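The structure under discussion appears below in the form of structure tokens.
Nothing in this text is a laboratory measurement; each read-out follows from the coordinates by a stated rule. The structure displayed is predicted, hence computed values, not measured ones. Because the Cβ atoms are built from the backbone with ideal geometry, glycine has one as well, and the counts that use them run over all protein chains shown.
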Amino acid sequence: YSRAGLPREAAAVLLVEVDGLSEVVRHETAVVERILRECGGEVRLAADDRERDALWAARRAALPALARLRPTTVLEDATVPRSRIVEMLAAIQDIAARHSLLIGTFGHAGDGNLHPTIVTDESDSREMARVEMAVEEIFARALALGGTLSGEHGIGLAKRRFLSRELGEAGLAAARRIKKALDPENLFNPGKILPEEM
């Protein structure tokens, strides 16, 4: 889609950027390259700023590329500890296969923030039912792996029904008390985060 020259046959692509003082960058680049090769990865170093920018442009094009496949995208924001990313990616693939869905996943490996993106058609009610089941399973798996429902997009209306699974009843009660203390009139985004708010 972005024509950045990324390998089409790769199961995954990891973009790693190292910055800092020149000596530190050289050392850290060598360490990262060694680790990636030891793990069976093929390593390609950007030759210059233009090539680096093209690689990052490809990452930024992930969602638009997925959106071209079907009329609807359902983008989620499950985040897991970095040490559990591989397990989470495998779980997402399994969930996609079991529900006969296409899920493309991209994200920010540095903080474990993954964006499983289901490409679907919201006019197909049967498929959307499978999408809902898949989303529920993705969140359940992220929580089981010690993760969270959201790494950057927040809870809001779409995820508030899952919040009790992450916080528990005591956590929800504490959140309600904080909300009540800061917003006694319930003016700030009423009903947007906490289930059965106030």
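For the reader, a short list of remarks on this structure follows.
- The stretch 29-67, subset acidic (Asp, Glu) and surrounded by 13 or more Cβ atoms within 10 Å (Cβ to Cβ), residue nearest to Val16 (Cα to Cα): Glu33
- Looking only at the stretch 109-126, residues that are touching a residue at least 40 places away in the same chain (Cβ under 8 Å), farther than 17 Å from Leu145 by Cα and of a type outside the set (A, V, I, L, M) come to 5 in all.
- The set of residues from the stretch 7-25 being over 22 Å from Gly112 (Cβ atoms) and surrounded by 11 or more Cβ atoms within 10 Å (Cβ to Cβ) comprises Val24, Val25.
- The set of residues in the stretch 154-198 that are part of a helix (DSSP H, G or I), in contact (Cβ under 8 Å) with a residue 12 or more places away in the chain and either more than 16 Å from Asp77 (Cβ to Cβ) or in contact with a Lys or Arg (Cβ under 8 Å, 6 or more places away or on another chain) (or both) comprises Gly156, Leu157, Arg160, Ser164, Leu172, Ala175, Arg176, Lys179, Lys180.
- Elements of the type helices (runs of 4 or more DSSP H) sitting completely within the stretch 4-101 and holding at least 1 residues that are among the β-branched types (Val, Ile, Thr) and without any contact (Cβ under 8 Å) to a residue 60 or more places away in the chain: these cover 22-38, 85-98.
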